[in-house]
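Asks: Below are the C-alpha cells for one structure; questions will follow.
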Amino acid sequence: MGSFYTSHTLRGPSQQAVLAHMNERRAFVSREEDGNLTVLDEASECQDPQVLGALAQSLSAFFACPVLALLNHDDNFLYLELYENGAKTDQYNSNPAAFSEDDEDGFGVPQGGDAARLCAAFGAADVGAVEAVLRDESFMMAVERHERLAEALGLPAFSVGLGFTYAEANDGVPENCFVPSAAAA
C-alpha cells in the first residue's frame, strides 16, 4: 500500500498569518523555509480534487500568493494544481489513466504542468529540471516524483510525504516543524 496525502505549499505569508487564517479548520502549518510553508488540512485528506482546489483558491486569494495544492493517491499518481492570486493557473496529473475502467490502459502519459509557470511562482531557476520531473514516466512511486519536484522547485523537504493524517499520528513528522491550528490543537 502506498502513501495517501494532500498538502498546500504557499509562497509568501508567515506561519502566524496562516495559522490565524486556518483558526477554525483542523490543520497543521509548517515553519517557513526560504519563503515557503506547507499546510496539511484535514478536510483535504478526503482526496477530492474539488476540496483540495477550494482551499488552495481561498488561501491564494486571501494571501495574494501562489499555492501549490498537491494530492498523492496510493503512490499511483501525483496530482497538483497551481493557484496564483486566487486563480487556478496550472494543473498536472502524472497518471491520468489511474481511474480508467479499462485495465489495458495501465499508466498514462503525464498531462499538464507548466514548468516555467511553476518555476516563476516559486522562484526556481531551472525550468528544465522541473520539466524533466513532470514528464519522467519512470517513477514507480508518486512520493518519489513529489520529492524530486520539491527539490527542483526549491520547496522544503518537509513538504513531501506528509498530510494531515500522518501529522496527526506524528508519523514521519520532523521535530519542531508543524504547528496545529487552534481547531486541531
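Asks: Could you please put 33, 151 in sequence from largest to smallest accessible area, using a 1.4 Å probe? Before the final figure, lay out the partial values.
Replies: Details: 33 65, 151 125 Å².
Putting 33, 151 in descending order of accessible area: 151, 33.
Asks: Between residue 20 and residue 34, what is the label-point separation in nm under the 7 Å Cα-to-beta-carbon projection?
Replies: Simple spin-label model gives 2.8 nm for this pair.
Asks: If you don't mind, there's one more thing I want to ask. For 173, 130, give me the order by solvent-accessible area with a 1.4 Å probe, most accessible first, ignoring ligands, DNA and RNA.
Replies: Numbers: 173 35, 130 0 Å².
Solvent-accessible surface, decreasing: 173, 130.
Asks: Taking a probe of 1.4 angstrom, what is the accessible area of residue 48 in Å², to the nearest 10?
Replies: Spelled out: residue 48, probe radius 1.4 Å, area about 60 Å².
Asks: With every protein chain kept in place and ligands, DNA and RNA left out, what is the accessible area per residue of the chain? Probe 1.4 Å, answer in Å². Before the final figure, lay out each step's value.
Replies: On the way: 8460 Å² over 185 residues.
Here the per-residue accessible area is 46 Å².
Asks: Here is a follow-up. Determine the relative contact order of the chain: mean sequence separation of Cα pairs under 8 Å and six or more apart, normalised by residue count, in whole percent. Write down the numbers at each step before the final one.
Replies: Working: 406 pairs, mean separation 50.7, N = 185.
Rounded, it is 27 percent for the chain.
Asks: Give the calculated FRET efficiency between residue 157 and residue 126 to the nearest 0.05, with a Förster radius of 22 Å applied to their Cβ-Cβ distance. Display every interim value, and only then the final one.
Replies: Details: r = 17 Å, r/R0 = 0.78.
Once rounded, the FRET efficiency stands at 0.80.
Asks: Share of region 3-115's accessible area from carbon and sulfur, percent, 1.4 Å?
Replies: Here carbon and sulfur together make up 46 percent of the probe-accessible area.
Asks: Follow-up question, since we're still on this one. If I compute solvent accessible area with a 1.4 Å probe over the protein chains, what percent of it on region 121-171 is carbon and sulfur?
Replies: On the way: 1220 of 2390 Å².
C and S atoms contribute 51 percent here.
Asks: Now a separate question. How compact is the chain by the rule of thumb for globular proteins, expressed as Cα Rg over 2.2 N^0.38 Å?
Replies: Values: Rg = 15.4 Å, N = 185, 2.2 N^0.38 = 16.0 Å.
So the chain has a normalised radius of gyration of 0.96.
Asks: While we're looking at this one, here's another question. What are the principal axis extents of the Cα atoms in region 1-40, in Å, biggest first?
Replies: 36, 26, 11
Asks: Residues in region 49-80 near a label at residue 111, defined as backbone nitrogen under 14 Å from the 7 Å Cα→Cβ point?
Replies: Backbone N within reach: 78-80.
Asks: Using only the heavy atoms of the protein chains and a 1.4 Å probe, how would 38, 89 rank by accessible area, largest first? Walk me through the numbers on the way to the answer.
Replies: Numbers: 38 0, 89 45 Å².
Listed by decreasing accessible area, they come as 89, 38.
The values are calculated or read from the model by the stated rules, or taken from the named source; none is laboratory data. All values reported here derive from a predicted model rather than from experimental measurement. All Cβ positions, even for glycine, are placed from backbone atoms using ideal geometry, and neighbour counts span all protein chains on display. Only protein heavy atoms, including side chains, enter the accessible area calculation; ligands, DNA and RNA are left aside. Shrake-Rupley method; radii C 1.70, N 1.55, O 1.52, S 1.80 Å.
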